[in-house]
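First up is the structure itself, then whatever we jot down about it.
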Amino acid sequence: MSLSLEPYKGTRDFYPADQFYQNYIFGVWKKVAESFGYLEYNASILEETALYKAKSGEEIVNEQTYTFTDRGGRDVTIRPEMTPTVARMVAQKRKELVFPLRWFSVPNLFRYERPQRGRLREHWQLNVDMFGVESAEADVEIVKVAYGIMKAFGASDEAFEIRINDRRLLNYLLHKHLQLDAEGAHKLSKLVDRMHKMKAEEFLASAREILGEKTKLLEEILYVKSLDELGEKVPQGEGVAELRRVFEALATAGIKNFVFDPTLVRGFDYYTGTVFEIFDTSPVNNRALFGGGRYDDLVGIFGVDKVPGVGFGMGDVTIRDFLETYKLLPEYRPPVDVYICHLEGFLEPAGALAGELRQAGVRVVEDLTARKVSAQVKTADREKIPFVLVVGEEEAKTQKFKLKNLAASQEQELDTAGLIKALKKTRE
Ligand code: HAM
């Protein structure tokens, strides 16, 4: 049997053109995160399995992790998310770190999922998190970073929607309003988390199994569109004041495309306050683009004093689908400024010129073959390299070169200093 040419199921190979788009996405992430003063961190892809068992949630630990026993008998998991790792890092150096912390990272994560649109087994995820601020202002800043990233990608407000809820409110509704015990509340929240992936009748039938007669109460609150509307049905709820603060601050910041969504749960058990998810308004991408929330108890599981945290994770797969849908991806351009061709016998002066240009910071490819000049130029064109020049007897003697812009079919004669200036200018 011959070896497969395919990458491992649910993973991707990044040929240079794919890497170009990946780098573009990472570049926008980094630029916006840094514009808010977030510092980059990283860690290993391997963690002890116990880390995820502590707080991530059953689905992810039991069904979605790549877990193995190492040669020393340790139970090891390839990270399915970054939040437990960053919480561990914060807990470890809690005494030395200067709070509040604003941190970001772009880890690759692994989840054993059924590969489908928007879901793969390996993805890269921007994580933006703030530690040490308990008030709603931190939640607002985190949503602002998320919004800022969408704007930096060129998305219009109409193209996406920020759905917001609060775990305190959700818990209040489950425990006090619907009067469920811990087990019932857990079951119902997992069901609500999945409700948009099910038919309405199917959802209600399952809800009835947990709630019985009280399903009517649930139906009343599931579809409300605002906190005021919820207030008419449920007199007083925890988390409402915090949500109002978040909504007001977002409106003050000029962000309009957010809605209150009482059905938003988010999968992880560690969330304790605000939760939010960004959705594409186009039906083509019918799952969350990304999401996050507040988790005030995660750092504390390591046996240190509590440190409140809030943040989000944004995957490269879903955002790339979004950018493709809205034609927001830039045109592919290789990271090369000029392709130097040469006539027979002039490889050496061509190499000398390439060296000088590189010294000055220009990105240069030298054609090393003995092919005809037309074939050399064709390679540059196929590689989408914007400029070419040819070194022959005349050029070697005069040190003047004809710089040709392939797409525009324009030519300029320049000396080395002129070449450097012109080529660097095209990058601005
Ligand atoms: P999450 O909702 O599991 O949250 O993932 C966040 C985002 O990562 C998703 O909305 C999606 O963009 C992307 N993503 C997740 N799984 C996959 C997959 N299998 N394939 C492709 N993309 C995927 C978290 O992971 C939280 N730890 C985020 C967080 C950070 N909360 C607070 N800080």
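Every number in this text was worked out from the coordinates using simple rules, so none of it is lab data. Fair warning: this is a prediction, and the values are worked out from it, not measured in the lab. Methodologically, a virtual Cβ is constructed for each residue, glycine included, from the backbone with ideal geometry; neighbour enumeration extends over all protein chains shown.
Normalised by the number of residues in the chain, the mean separation of alpha-carbon contacts (under 8 Å, six or more apart) gives a relative contact order of 15 percent.
For region 172-207, trypsin sites (Lys or Arg not before Pro) are listed when DSSP marks them as loop and at most 10 other Cβ atoms sit within 10 Å of their Cβ; the list is 199.
Over all other residues within a Cβ to Cβ distance under 13 Å of residue 158, the charged ones net out to -1, with Lys and Arg as +1 and Asp and Glu as -1.
Within straight-line reach of residue 402, meaning a Cα separation under 30 Å, sit the following lysines at least 8 residues removed in sequence or on another chain: 372, 378, 384, 421, 424, 425. Here the gap between residue 134 and residue 244, fully extended at 0.36 nm per residue and compared with their Cα-Cα distance, gives a gain of 38.0 nm.
The residue 413 and residue 157 beta-carbon pair, evaluated with R₀ = 30 Å, returns a calculated FRET efficiency of approximately 0.05. Entry note: region 338-425 has Rg to Rh equal to 0.91, where both radii use alpha-carbon atoms and Rh is the Kirkwood radius. Basic side chains Lys and Arg get +1 at the Cβ, acidic Asp and Glu get -1 at the Cβ, and with that the dipole of the chain about its Cα centre reaches some 340 debye. For region 135-193, what value does the Rg/Rh ratio take when both radii are computed over Cα atoms and Rh is the Kirkwood radius, given to two decimals? In region 135-193, Rg relative to Rh is 1.16. With contacts taken as Cα pairs under 8 Å at a separation of at least 6 residues, region 300-428 carries a relative contact order of 23 percent. Extension gain, residue 31-residue 368: 0.36 nm per intervening residue step, less the Cα-Cα distance, totals 117.6 nm. Extension gain, residue 49 to residue 306: 0.36 nm times the residue separation minus the Cα-Cα distance gives 90.3 nm.
How would 14, 387 line up from fewest to most surrounding beta-carbon atoms within 10 angstrom?
Working: 14 12, 387 23.
Ordered by Cβ neighbours within 10 Å, fewest first: 14, 387.
For the pair residue 259 and residue 96, how long in nm is the line joining their label points, each one 7 Å along Cα→Cβ? Using points 7 Å along Cα→Cβ, the separation is 4.7 nm. Cβ crowding within 10 Å ranks 160, 36, 153 as 36, 153, 160, fewest other Cβ atoms first.
A viscosity of 0.692 mPa s and a temperature of 37 °C, combined with the Kirkwood radius over C-alpha pairs in the Stokes-Einstein formula, give the chain a diffusion coefficient of 131 µm²/s. Loop-located GluC sites (Glu not before Pro) across region 1-97 with a Cβ neighbour count of 16 or fewer within 10 Å are 96, with loop assigned by DSSP.
Counted by neighbouring Cβ atoms within 10 Å, the residues 243, 51 run from fewest to most as 51, 243.
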